[in-house]
Amino acid sequence: QKGKQIQFKRLEAFVRDSWRKQRDDIRLRRMEQRPGQTAVPQEHKLAFVVRIVDIKGVSRRVKRVIELLQLRKNFTGTFVKLTPLSLKMLRIVEPYVAWGHPNLKSVRELILKRGQAKIKKKRVPLTDNMLIEEHLGVYGIICLEDLIHEIYSAGKYFKKVTNFLWPFHLSVARHASRNKVGFLKEMGKPGCRGEAINQLIRQLN
């Protein structure tokens, strides 16, 4: 048979996917009825979000928010400025992501170790301040330290900086492939971790 092979889906996969979609629909309907907390905590303006759960079979709305957050693969992470809208988005995808409030050390380590610029749809390592000045100099950001400060303070040009960066592809420890159950247990549950997100960043960076 020429062309694309027909893919057969196991019954278990169908059941799992429809169950996930149904669970998402119920959860999102309840969210609409009981909006819950969307007030931004005064002491935290910044969140780091990591996708830690597979999203096969999720509802279209959850998938859309995952795409907006640029978390298309498991163990990718991104910085998010906390606003009532972004908090609502985080609540929509909460069963699939871990998020919390990174400290300056975590922000610096992530950018220094895994930071890559998005230039003409290509990944470019952040090894040269000239590159930063060329693309962000107009906003007064001319070096890595400026870039780190703008993200950590969730400053005026936060969106420009995060659009300049690729999402962070985090390292899944080698033992995860050998002992998946043990690794997922170690990863913990999805949802808001608060300050404990720093521990997860150390684990995956």
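The values are calculated or read from the model by the stated rules, or taken from the named source; none is laboratory data. Quick caveat, the model's predicted, so the values are computed rather than measured. Cβ: placed from backbone, ideal geometry, glycine included. Neighbour counts: every protein chain shown. We work out accessible area using only protein heavy atoms, side chains counted, and drop any ligands, DNA or RNA first. Shrake-Rupley method; radii C 1.70, N 1.55, O 1.52, S 1.80 Å.
The table that follows gives values for the structure above.
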quantity: Burial ranking of peptide ranges 79-86, 64-71 (average Cβ count within 10 Å, highest at the top); calculated: 64-71, 79-86
quantity: Nearest-10 value in Å² for the accessible area of HIS169, using the 1.4 Å probe; calculated: 70 Å²
quantity: Rough spin-label spacing in nm, given labels placed 7 Å along Cα→Cβ, for PHE75 and GLU145; calculated: 3.3 nm
quantity: Accessible-area composition of the stretch 39-152, carbon plus sulfur, in percent [1.4 Å probe]; calculated: 54 percent
quantity: Among the listed pairs LYS113/LYS159; LYS88/LYS120; LYS73/LYS159; LYS56/LYS81; LYS122/LYS156, those beyond 24 Å (Cα-Cα); calculated: LYS88/LYS120; LYS56/LYS81; LYS122/LYS156
quantity: Per residue accessible area in Å² of the stretch 55-205, where ligands, DNA and RNA are left out and the probe is 1.4 Å; calculated: 56 Å²
